[in-house]
Amino acid sequence: MKLNELSDKPGARKSRVRVGRGLGSGVGKTAGRGQKGQKSRSGVAIKGFEGGQMPLHMRLPKRGFNNTKFAKTYAVVNIGRLQKAVDAGKLDAGATVDTDALVKSGVVTKPRDGIRLLAKGEISASLKLVVAGASKAAVAAVEKAGGSVDIQVGKAAAAE
């Protein structure tokens with residue numbers, strides 16, 4: 001077989017429907033746009049438009065603050081997921097479990113600004129965890145199992 005002999009399987013490429021080409025085509029006359037009015041014409045953008053009246057989203061008061069410039073996003077890990085990784089042999093219970101260890105084991109794919117530990121699930125392994133944040137319930141559960149949680153803020157947890 002040569003490059004010039006390659007071709008698609010029959011039916012792999014389908015030509016687009018050309019609307020508005022007569023009644024016999026099945027998509028003639030209104031071309032699938034219903035009937036009259038602004039929405040049947042091209043170049044329409046009326047998502048929040050209320051006929052000139054002040055739109056609802058502009059009438060309501062603004063509230064809160066969204067810190068997009070300095071906001072931190074954490075990768076969330078539940079203690080139940082850690083226990084599964086230990087049981088599967090992906091995490092070494094004796095070693096320190098930090099961001100690098102969690103990425104290598106496949107528990108976390110994108111560490112983002114650090115790991116945040118949450119208390120969903122059960123843990124019985126004694127783990128020494130180094131994370132960017134943890135809930136009180138998660139810390140209590142890990143310490144009850146005989147482990148420890150060391151909280152280091154931001155990229156410091158990823159560096160160590």
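Determine the pairs where a residue that is at pLDDT 85 or above, located within the range 36-48, has a partner that is among the charged types (D, E, K, R) with Cβ atoms under 6 Å apart, the partner being 6 or more residues away or on another chain.
Hits for this filter: S40/R33.
So which of L91, L60, L6, L23 ends up being under 34 Å from the mean Cα position of the chain (by Cα), farther than 30 Å from P111 by Cβ and free of Cβ contacts under 8 Å to residues at least 40 places away in the same chain?
The unique qualifying residue is L60.
Table: residues versus (1) within 15 Å of V131 (Cα to Cα); (2) touching an Asp or Glu at 6+ places or on another chain (Cβ under 9 Å).
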{"residue": "G52", "(1), (2)": "no, no"}
{"residue": "K62", "(1), (2)": "no, no"}
{"residue": "F65", "(1), (2)": "no, no"}
{"residue": "Y74", "(1), (2)": "yes, yes"}
{"residue": "L82", "(1), (2)": "yes, no"}
{"residue": "D92", "(1), (2)": "no, no"}
{"residue": "D98", "(1), (2)": "yes, yes"}
{"residue": "A101", "(1), (2)": "yes, yes"}
{"residue": "V108", "(1), (2)": "yes, no"}
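The values are calculated or read from the model by the stated rules, or taken from the named source; none is laboratory data. Quick caveat: nothing in here was measured; it's all calculated off a predicted structure. Quick reminder, even Gly has a Cβ in these numbers, built from the backbone with ideal geometry, and neighbours come from all protein chains shown.
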